[in-house]
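The values are calculated or read from the model by the stated rules, or taken from the named source; none is laboratory data. Treat the numbers as computed from the prediction; the structure is a model and nothing was measured. Backbone-built Cβ (ideal geometry, glycine too); neighbour counts: all protein chains shown.
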Amino acid sequence: MKKRVFSGIRPSGDLHIGNYLGAIKQWVGLQDDHEVVFGIMDLHAITTPHDPEKFRRNTLETAMVYLAAGLDPAKTTLMVQSRVPAHAELAWILGTMTPLGELERMTQFKEKSRELGTKGGIMAGLLNYPILMAADILLYQADAVPVGEDQAQHVELARSLAERFNNRYGKAFTLPQAMLQKDTARIMALDDPPKKMSKSDENARGYILLTDSPDAIREKIKAAVTDSEKKIAFAPEEKPAISNLLVIFSEFSGRPIPELERSYAGKGYAEFKADLAEAVIAGLAPLQERFRELETDTDSVFAVLRGGSERAAAVANKTLA
Ligand code: TYM
């Protein structure tokens, strides 16, 4: 039997290359030999401040990125979380068996509440976020959850909730496992390499959006922080900045990191960065072109989401029943 896969992204503004390399790129490779459901997690996105006017547009754009990146609606179920009420319902049930302490210990909750504490308040939804995420995963009986490293802790919680539920009530859920990409599970910020690339970063120089223009990409890469010693070598501990750039270069060019190290031996950062920028621009070009095409036919994108959400609801309701 095919393995089942579930993952999703919050439609909270533009997606960046960290989302693409850490998550979406591996999803595309999974759709041929796995049973895959990918969601637009709008109920999660409203746990942090958001613009109600832009919200529908963000959901649409996230779907357009999924399709432009190569997810094929014939092979993949693309769904919108809020269209499948079973997610919220199972989350309630799982919440009755989730110790408060486990939620308070979650790294994302600690980080986000530190950010938000100064901006007017932390809502209960932010704390309960990982319970809803567990419901997302367990409803589809997912074996594997392809995510970036920052979400692995939440997948662990989903697994332990599944175990707890199965022990108490009888086997209802498959135990899921996070699926991380070795090199790209944590793409770092360009302006501050010890930090992960994040769309909530206030400095736009920290991330490259999937929709950034070639000039914006050149500018951001030119301004990217580098390490003190000039050598272009992959050593994430000692040289986090250049190692991050090498990972990005390798992913977008398809050239292995050791080959890049050899071809830039003795060369300066300026030349390396100029070539890297062109590799990112060329790597994103097909996605950007398809994105622009979809822009002219948003009705069909909404139709994909409606159909996918219906298919997803059938699976989710069966589990919930
Ligand atoms: P979100 O929307 O923050 O991010 C979407 C995906 O992108 C990955 N990611 C990264 N990967 C590598 N380097 C980075 N700098 C980077 N930044 C983000 C994330 O790990 C994620 O895979 N809670 C989830 C959404 C969600 C979900 C789910 C995921 C809701 N329910 C069920 C899986 C299963 C989130 O906020 O992702």
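Observations on the model:
- So THR47, is it away from the ligand (no atom under 14 Å from the Cβ) and modelled with pLDDT under 95: no
- Selection status of GLU271, free of Cβ contacts under 8 Å to residues at least 12 places away in the same chain, surrounded by fewer than 20 Cβ atoms within 10 Å (Cβ to Cβ) and in a loop (DSSP other than H, G, I, E, B): no
- Restricting the search to helices (runs of 4 or more DSSP H) fully inside the stretch 1-105 and requiring at least 2 residues that are among the small types (Gly, Ala, Ser) and under 28 Å from TYR207 (Cα atoms) gives 52-68.
- The stretch 283-307 residues that are among the aliphatic types (A, V, I, L, M) and at pLDDT below 95, paired with ones that are loosely packed, with under 12 Cβ neighbours inside 10 Å and in a helix (DSSP H, G or I) (beta carbon under 7 Å, 6 or more apart): none
- Residues that are among the hydrophobic types (A, V, I, L, M, F, W, C) and more than 10 Å from the ligand (Cβ to nearest atom) were ranked within the stretch 143-176; the one that is nearest to TYR20 (Cα to Cα) is ALA144.
- Residues in the stretch 184-207 that are within 11 Å of the ligand (Cβ to nearest atom), over 14 Å from the mean Cα position of the chain (by Cα) and either hydrophobic (A, V, I, L, M, F, W, C) or over 27 Å from PRO256 (Cβ atoms) (or both): 3 in all.
- Test: residue in the stretch 128-142 that is surrounded by fewer than 20 Cβ atoms within 10 Å (Cβ to Cβ), part of a helix (DSSP H, G or I), in contact (Cβ under 8 Å) with a residue 24 or more places away in the chain and more than 11 Å from the ligand (Cβ to nearest atom): yes
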